[in-house]
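The values are calculated or read from the model by the stated rules, or taken from the named source; none is laboratory data. Since this is a predicted model, take the numbers as computed values, not measurements. All Cβ positions, even for glycine, are placed from backbone atoms using ideal geometry, and neighbour counts span all protein chains on display.
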Amino acid sequence: MSEKKTAAVSIDGLTKVFRGALARESVVAVKELSLEVAPGEVYGLIGPNGSGKSTTMKVLLGLIRPSAGRTAIFGVDSTRVESRRQVGFLPENPYFYRHLTGRETLQFYGRLCGVGRGALRARIDELLELVELGHAARRPLRGYSKGMLQRIGLAQALVQEPRLVVLDEPTAGVDPAGSRKIRDLILELKQRGIAVVLSSHLLEQVQEVCDRVGIIFNGSMVQEGRLEDLISIENQTEIILKNASADLLERIRDLAEGADAEFVKMGQPRTTLESLFLRETEGREE
Amino acid sequence: MSSREADRKPRVKPGGTVATRRGIGASAGRIGTLAGTTFLQLLRMKTFYFLLIFSILVVVASTFNVLHHTGEQHLKLLKDVALGAMSLFTSLFAIVATALLIPSDLEDRTLQTILAKPVPRYDYILGKLCGVILVVAVSVVVMDLIFGAVLYAREEMMVAAELAGATESGGFAEEDLAVLEERLRSQGLNWNLQNAVAAIFLKSCVICAVTMLVSTIASTSLFTIIVGFVIFFIGHLQSVARDYWMHALDAGLWKRLFSGLVALIFPDFQIFNVVDGVVAGEVIPLGAMTRMAGLTILYVMVYSMVAYLVFADREL
Ligand SMILES: Nc1ncnc2c1ncn2[C@@H]1O[C@H](COP(=O)(O)OP(=O)(O)O)[C@@H](O)[C@H]1O
Ligand SMILES: [Mg+2]
């Protein structure tokens, strides 16, 4: 029963059918889905809207009941309240009590987890710093922007120092700068050895942080594996040169063709619109 | 600083994880946290403003003697208005405040974040219920204080005025004056009034519990409020209807069955109806109050239990 060997998340043959009331027909949201996430691993669940990502997460957190199959967190079945001791959850588009300030929100969730008074105070200071919301800690959430809500939500998920966090579309609706902050936070969690399960339909973001991804479509897993294995094109190599003359490039092309390699593409790499945006707006905000 | 560090040490598990309390049975700490936040929510939503309306009403009723009542009648009217308003306001407030809680948590998905913590669903229901009952209790105490102060002030003024008037016109013996004062004071502030206030509070607790049950089934606050009002009226009328049917000679089986069913599902608010008696000067015996409290606890327990059973199955 070593804790290291128990999977952080295990989902085994999960099926969820939403029974339609009256005339509405039932919806099969998740079909025989299985996956495992190791402790400390960052797992990305990707798929288009309506593919069953949120439903899977809700079953994992015991918010809805599976129609078949079972899910567990660190070996404890999700239907048991105890399974939620080691997990933090950030739902899709979260809302918290608008009348509470940032600090009060974290206090509320901390007390629900039974964190003792002194420990909680220290923990809240640490979390506010981590999510960079110290300046807004005394303001009610009513006045928070989308990105700030998302970050206080992340802090809330982390309040009892769980070993797993489940994030449903953590960057949806957040501007690029805010979205990068959240990505950095996820990387920070990874360094601390906290397992992360996140869902997204924005693929670049998943690519930057996840160790492993599962592609889910219409409720079924269609592809799963380590990110490098899934996306690297094994028989190609990229060379990036700076200040290369036209002559040099011509020689490289000749060399390649003389050496039985196929020359695929040459040109100037483009920065992404996102990094351009970030570069231009960096340091101007706040 | 170092002593606080030492305090914290035992709570931190080897893995660097903050230890959480052991049992996942109902926890007073969690229920208290939920109740406190609910209290704060209703406080910050400024729901307490209705107390202002109550104060104005009581002060107006005490100041203006439009009907040119005698002192005794005026005090009686003041009590009637104040206790009637207190009863109605508290009941309506209990319905509306309770109806705002769970549906808005559901809609905002705040509920998902709460239940994603190690919080059993019965703790959530009980926390919300305790929070709203606490708010109702504070409101009742405030209204009671305002009412008591106004009634006392009015009573003193009237006793002074009537005694002065009687002495001036002369012809009253000492005993007559004493009788006069006694009569006025019997309509003034006394402990029996607190029985009426207690009954108002107990009734509101039942209203909170039954509205909470409705809100676990409903998905919107508006629907909960409407159903809450319907139950409120049925709860008041059912015993009248029952008496009528039971005693009517042609009371058929189906009528008896129907009224029996209604009595089983809906609370009977008539058992809390002591305000008229108290205003008329009837003293409510302790035994009656104890029975009322017992019934309240029974109602609240049954309704919260059913609310939990409904809520336990709810998909979020
Ligand atoms: N409570 C519900 N009742 C009925 N159908 C639902 C419910 N929740 C989700 N669904 C359906 O289940 C499917 C999966 O939804 P969801 O898990 O939210 O997808 P995703 O998070 O991947 O966008 C969708 O077709 C959605 O309409
Ligand atoms: Mg979703």
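Restricting attention to segment A:148-177, which residues are modelled with pLDDT of 90 or more and within 16 Å of ligand 1 (Cβ to nearest atom)?
Residues of segment A:148-177 modelled with pLDDT of 90 or more: A:148-170.
Listed by number, the residues that qualify are A:VAL166, A:LEU167, A:ASP168, A:GLU169, A:PRO170.
Only one of these is aliphatic (A, V, I, L, M) and more than 17 Å from A:ASP211 (Cα to Cα): A:VAL42, A:VAL27, A:VAL37, A:VAL9. Name it. Walk me through how you get there before you give the answer.
Numbers: A:VAL42 fails: more than 17 Å from A:ASP211 (Cα to Cα); A:VAL37 fails: more than 17 Å from A:ASP211 (Cα to Cα); A:VAL9 fails: more than 17 Å from A:ASP211 (Cα to Cα).
One residue alone meets the criteria, A:VAL27.
Which residues, taken from segment A:190-226, are touching a residue at least 60 places away in the same chain (Cβ under 8 Å), more than 16 Å from ligand 1 (Cβ to nearest atom) and within 14 Å of chain B (Cβ to nearest Cβ)? Residues satisfying the conditions are A:GLY193, A:ILE194, A:ALA195. Checking A:ALA21, A:ALA68, A:ALA29 one by one, the residue that is aliphatic (A, V, I, L, M) and out of contact with any strand residue (DSSP E or B) (no Cβ under 7 Å at 6 or more places or on another chain) is A:ALA21 and no other.
Within segment B:141-153, how many residues are in contact (Cβ under 8 Å) with a residue 40 or more places away in the chain and surrounded by fewer than 21 Cβ atoms within 10 Å (Cβ to Cβ)? Explain how you work it out, then say what you get.
Step one: filter segment B:141-153 for residues in contact (Cβ under 8 Å) with a residue 40 or more places away in the chain, giving B:142-144, B:146-148, B:150-151, B:153.
The next check asks that each one be surrounded by fewer than 21 Cβ atoms within 10 Å (Cβ to Cβ); those that pass are B:142, B:144, B:146, B:148, B:150, B:153.
The number of residues fulfilling the criteria is 6.
Can you tell me which residues in segment A:1-17 are under 20 Å from A:VAL166 (Cβ atoms), within 14 Å of ligand 1 (Cβ to nearest atom) and among the hydrophobic types (A, V, I, L, M, F, W, C)? Don't jump to the end; show me each part of the working.
Going through segment A:1-17, the residues under 20 Å from A:VAL166 (Cβ atoms) turn out to be A:3, A:6-16.
Within this subset, residues satisfying the condition of being within 14 Å of ligand 1 (Cβ to nearest atom) are A:11, A:14-16.
Correct list: A:ILE11, A:LEU14.
Of all residues in segment A:66-99, those that are touching a residue at least 40 places away in the same chain (Cβ under 8 Å) and not aromatic (Phe, Trp, Tyr) total 20. Using the structure shown, decide if B:PHE311 is within 18 Å of B:THR211 (Cβ to Cβ), modelled with pLDDT of 90 or more and within 14 Å of another protein chain (Cβ to nearest Cβ). Yes; evaluated as a whole, the condition is true for this residue. Just one of (1) more than 17 Å from B:VAL278 (Cβ to Cβ); (2) crowded, with 17+ Cβ neighbours inside 10 Å fails for B:THR90. It is (1). Residues in segment A:53-66 that are within 12 Å of ligand 1 (Cβ to nearest atom) and small (Gly, Ala, Ser): A:SER54 alone. Only one of the numbered conditions (1) closer than 16 Å to A:LEU90 by Cβ; (2) assigned to a loop (DSSP other than H, G, I, E, B) is not met by A:GLY193, and that is (1). Just so you know, in segment A:39-62 the residues that are more than 13 Å from ligand 2 (Cβ to nearest atom) and part of a loop (DSSP other than H, G, I, E, B) include one that is farthest from the other protein chains (Cβ to nearest Cβ), and it is A:GLU41.
Suppose we keep only residues that are charged (D, E, K, R) and over 19 Å from the mean Cα position of the chain (by Cα) within segment A:67-97. Which one would you say is nearest to ligand 1 (Cβ to nearest atom)? Full working, then the answer.
Keep residues of segment A:67-97 that are charged (D, E, K, R), which gives A:70, A:77, A:80, A:82, A:84-85, A:92.
So of that shortlist, the ones also over 19 Å from the mean Cα position of the chain (by Cα) come out as A:70, A:77, A:80, A:82, A:85.
Details: A:ARG70: 18, A:ASP77: 21, A:ARG80: 22, A:GLU82: 25, A:ARG85: 25 Å.
Only one residue fits best here, namely A:ARG70.
In segment B:157-206, which residue that is in a loop (DSSP other than H, G, I, E, B) and aliphatic (A, V, I, L, M) is farthest from B:LEU126 (Cα to Cα)? So that I can check it myself, show each step before the final result.
At the first step, the residues of segment B:157-206 found to be in a loop (DSSP other than H, G, I, E, B) are B:170-173, B:187-191.
Filter once more, so that each one left must be aliphatic (A, V, I, L, M): B:173, B:189.
Values: B:ALA173: 61, B:LEU189: 36 Å.
Out of the qualifying residues, it is B:ALA173.
In this entry, A:LYS16 passes the filter for residues that are surrounded by fewer than 24 Cβ atoms within 10 Å (Cβ to Cβ), within 16 Å of ligand 2 (Cβ to nearest atom) and among the charged types (D, E, K, R). Hey, does segment B:284-306 have a residue that's under 30 Å from B:LEU184 (Cβ atoms), touching a residue at least 40 places away in the same chain (Cβ under 8 Å), more than 14 Å from every other protein chain (Cβ to nearest Cβ) and not in a helix (DSSP H, G or I)? Yes - at least one qualifying residue is present in segment B:284-306. Residues in segment A:23-38 that are surrounded by fewer than 21 Cβ atoms within 10 Å (Cβ to Cβ) and within 14 Å of chain B (Cβ to nearest Cβ) were compared, and the one that is nearest to ligand 2 (Cβ to nearest atom) is A:VAL27.
Working carefully through the options A:ARG180, A:ARG253, find the one that is at pLDDT 85 or above and either of a type in the set (Lys, Arg) or in contact with a His (Cβ under 7 Å, 6 or more places away or on another chain) (or both). Steps first, please.
Details: A:ARG253 fails: at pLDDT 85 or above.
It is A:ARG180.
Scanning segment A:30-52 for residues that are of a type in the set (Gly, Ala, Ser) and either more than 8 Å from ligand 1 (Cβ to nearest atom) or more than 19 Å from A:ALA72 (Cα to Cα) (or both) yields A:SER34, A:ALA38, A:GLY40, A:GLY44, A:GLY47, A:GLY50, A:SER51.
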